[in-house]
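Here's the structure we're looking at; comments come further down.
The values are calculated or read from the model by the stated rules, or taken from the named source; none is laboratory data. In this text, all values refer to a predicted model and were calculated from it rather than measured experimentally. In this analysis, Cβ positions are derived from the backbone assuming ideal geometry, glycine residues included, and neighbour counts consider all displayed protein chains.
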Amino acid sequence: MSTFCGEGGKLLEVGCGEGKRLEWIQKSLDIECHGIDPSDKAVTIAQEIGVRAVRGTADHLPYPDETFDFLVFGFCLYLCDRDDLFRIA
């Protein structure tokens, strides 16, 4: 990931759940990690382990354009509208 994101890069995980992957990335790489998930409970747990997480969905990201260098989809891609995915890609 550091190859793609660069040292000191910023990463967003959509569908971060309880933040376990982001916790590992933060500890292992010099990357600023953020997560977004629709579950209040999951976001609270992520925040408790030191992950910058907010409640929300990919449909309405609470960040300005071009905030992140790298995007990771958690276990949520199956929830996305296929037509939207192909249109965006």
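Within the range 39-54, track down each residue that is under 11 Å from the mean Cα position of the chain (by Cα), crowded, with 18+ Cβ neighbours inside 10 Å and outside any loop (DSSP other than H, G, I, E, B). Correct list: Ala53 only. Number of residues in the range 58-68 that are farther than 11 Å from Val14 by Cβ and at pLDDT below 90 equals 1.
Matching residues to (1) at pLDDT 95 or above; (2) more than 13 Å from the chain's Cα centre (by Cα); (3) surrounded by fewer than 18 Cβ atoms within 10 Å (Cβ to Cβ):
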position	(1), (2), (3)
Phe4	no, yes, yes
Gly8	no, yes, yes
Gly17	no, no, no
Glu23	yes, no, yes
Gln26	no, no, no
Asp37	no, no, no
Gly56	no, no, yes
